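The block underneath contains the structure these notes are about, expressed in structure tokens.
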Amino acid sequence: MYSIYHFFAHLLRNKPQLVEVDKLDEFRFDTELLSCKNDKVFPDLAIRINMDNPQFTGGELIELKDSKSYSVSSFNSTIPTGAKDIRAVIVSENSKIRRQMESRGDDILSLLERQVFYLIRGKSKGNTKICLVHGSFFETVRVEELIQTAFSQALEEGIQGTNLQVEEAVKEVLLKIFSEQQRFSKVRDVKKASVKLRFRIMTHAKAEGNLLDPKKYPFIRDNTLNFVVPRHTEAEETLERIRMQSVDSPLEFTSLRVFTIKHLLNGDFLVFQADL
């Protein structure tokens, strides 16, 4: 059985190594759970798919974030999101990610929408916090709206102090074009230029989205491992508890602290917490 819950159970069973390893990507992840493992390409890890289990579909995508402080390291090129269409990740028939997933037996397109998680480790004054957190913790505004608003601010700044008159219809077209990251993130080859050009987006977590910040989120204690998922209704919380209890592993559910934290911008999240 493969799922993000089984992945968390694996982390629980190997807490000492998770703390001690110099770099998070050097941790010995259970390859039996994984359909791919990459270096500096999103996703760093992906969970294998379960074809016939509605409780555990698997297929989750995981990005690793390692920091030597209690700040979340920057998100390079890929804006954090709670879910992602796998077709945007498998960009070609011959992509490395696709080949890895198929070699592990995944019917990739059988599960188009993949849940995205971030495995975050931060260290401060000899203490460690580790969080496996759902991407919606960082996606408080839709990606398209985030990009569009940022470009709108840049456009307005460029127009200010000039005599340019830009019609609203033209603005809307420009902003729609630049709300689609793939349009400007491609490598561009300019005639007679000796270099190629590619625009990249770097995303940084604000204080409200920094789960490691002891002032903003004090219940994420020092020296703990945390699994953090959205909790919008009681039914959603019940389902998460059932899934965690159903993991077929030495995971002892009763040893976990289970509580709710309030995201400063995005509602409630359920936390399963264990001491490191």
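The values are calculated or read from the model by the stated rules, or taken from the named source; none is laboratory data. Here the structure is a predicted model, which means the values were calculated and not measured. Note that we place each Cβ from the backbone using ideal geometry, even for glycine, and neighbour counts take in every protein chain shown.
Of all residues in the range 221-237, those satisfying the criterion of being within 23 Å of the chain's Cα centre (by Cα) and either more than 23 Å from LEU18 (Cα to Cα) or not in a loop (DSSP other than H, G, I, E, B) (or both) are THR224, LEU225, ASN226, PHE227, VAL228, VAL229, PRO230, ARG231, HIS232, THR233, GLU236, GLU237. Annotation: PHE117 fulfils all but one of (1) closer than 16 Å to HIS10 by Cβ; (2) part of a helix (DSSP H, G or I); the unmet one is (2). Taken together, the criteria place THR233 among residues that are closer than 30 Å to SER3 by Cβ, surrounded by fewer than 11 Cβ atoms within 10 Å (Cβ to Cβ), modelled with pLDDT of 80 or more and of a type in the set (Ser, Thr, Tyr). Please tell me if SER95 is in the same structural domain as GLY267 (by TED's automatic domain parsing), in contact (Cβ under 8 Å) with a residue 12 or more places away in the chain, over 24 Å from PHE27 (Cα atoms) and of a type in the set (Ser, Thr, Tyr). Here the answer is no, as SER95 does not meet what is asked. Entry remark, the range 245-271: residues being within 11 Å of TYR5 (Cα to Cα) and out of contact with any helix residue (DSSP H, G or I) (no Cβ under 6 Å at 6 or more places or on another chain) number 2 in total.
Condition first: among the hydrophobic types (A, V, I, L, M, F, W, C) and surrounded by fewer than 16 Cβ atoms within 10 Å (Cβ to Cβ). Now tell me which residues in the range 201-216 satisfy that.
MET202, ALA207
For the range 193-220, filtering for residues that are more than 22 Å from the chain's Cα centre (by Cα) and assigned to a loop (DSSP other than H, G, I, E, B) leaves 6.
VAL228 - would you say it is touching a His at 6+ places or on another chain (Cβ under 8 Å) and closer than 17 Å to THR128 by Cα? Walk me through it before giving the result.
On the way: touching a His at 6+ places or on another chain (Cβ under 8 Å): yes; closer than 17 Å to THR128 by Cα: yes.
For VAL228, the condition - touching a His at 6+ places or on another chain (Cβ under 8 Å) and closer than 17 Å to THR128 by Cα - is met.
Restricting attention to the range 24-37 and to residues that are more than 18 Å from GLY105 (Cα to Cα) and out of contact with any strand residue (DSSP E or B) (no Cβ under 6 Å at 6 or more places or on another chain), the residue that is surrounded by the most Cβ atoms within 10 Å (Cβ to Cβ) turns out to be PHE29.
All of (1) under 13 Å from the mean Cα position of the chain (by Cα); (2) of a type in the set (A, V, I, L, M); (3) closer than 25 Å to ARG231 by Cα hold for VAL41 with one exception: (3). The requirement of being assigned to a loop (DSSP other than H, G, I, E, B), of a type in the set (Val, Ile, Thr) and closer than 19 Å to PHE29 by Cα is satisfied by VAL41. If you go through the range 199-230 and keep only what is out of contact with any Leu (no Cβ under 8 Å at 6 or more places or on another chain), among the hydrophobic types (A, V, I, L, M, F, W, C) and at pLDDT 90 or above, you end up with LEU211, LEU212, PHE219.
The condition of being among the polar types (S, T, N, Q), closer than 30 Å to PRO16 by Cα and at pLDDT below 90 holds for only one of SER136, SER74, SER92, that being SER74.
When the residues of the range 127-148 are filtered to those that are closer than 19 Å to LEU264 by Cα and not hydrophobic (A, V, I, L, M, F, W, C), which remaining residue is nearest to the chain's Cα centre (by Cα)?
Looking at residues that are closer than 19 Å to LEU264 by Cα and not hydrophobic (A, V, I, L, M, F, W, C), I get GLY135.
Of ILE108, ILE47, ILE90, all but one fail to be crowded, with 21+ Cβ neighbours inside 10 Å and not polar (S, T, N, Q); the exception is ILE47. The residues of the range 50-70 that are surrounded by fewer than 17 Cβ atoms within 10 Å (Cβ to Cβ) and among the small types (Gly, Ala, Ser) amount to a single one, SER69. Taking residues in the range 13-37 that are in the same structural domain as LEU119 (by TED's automatic domain parsing) and part of a helix (DSSP H, G or I), and partners anywhere that are among the polar types (S, T, N, Q) and surrounded by 14 or more Cβ atoms within 10 Å (Cβ to Cβ), the pairs with Cβ atoms closer than 6 Å and at least 6 places apart or on different chains are VAL19/THR128.
Of everything in the range 112-127 that's aliphatic (A, V, I, L, M) and more than 14 Å from LEU225 (Cβ to Cβ), which residue is surrounded by the fewest Cβ atoms within 10 Å (Cβ to Cβ)? The qualifying residue surrounded by the fewest Cβ atoms within 10 Å (Cβ to Cβ) is LEU112.
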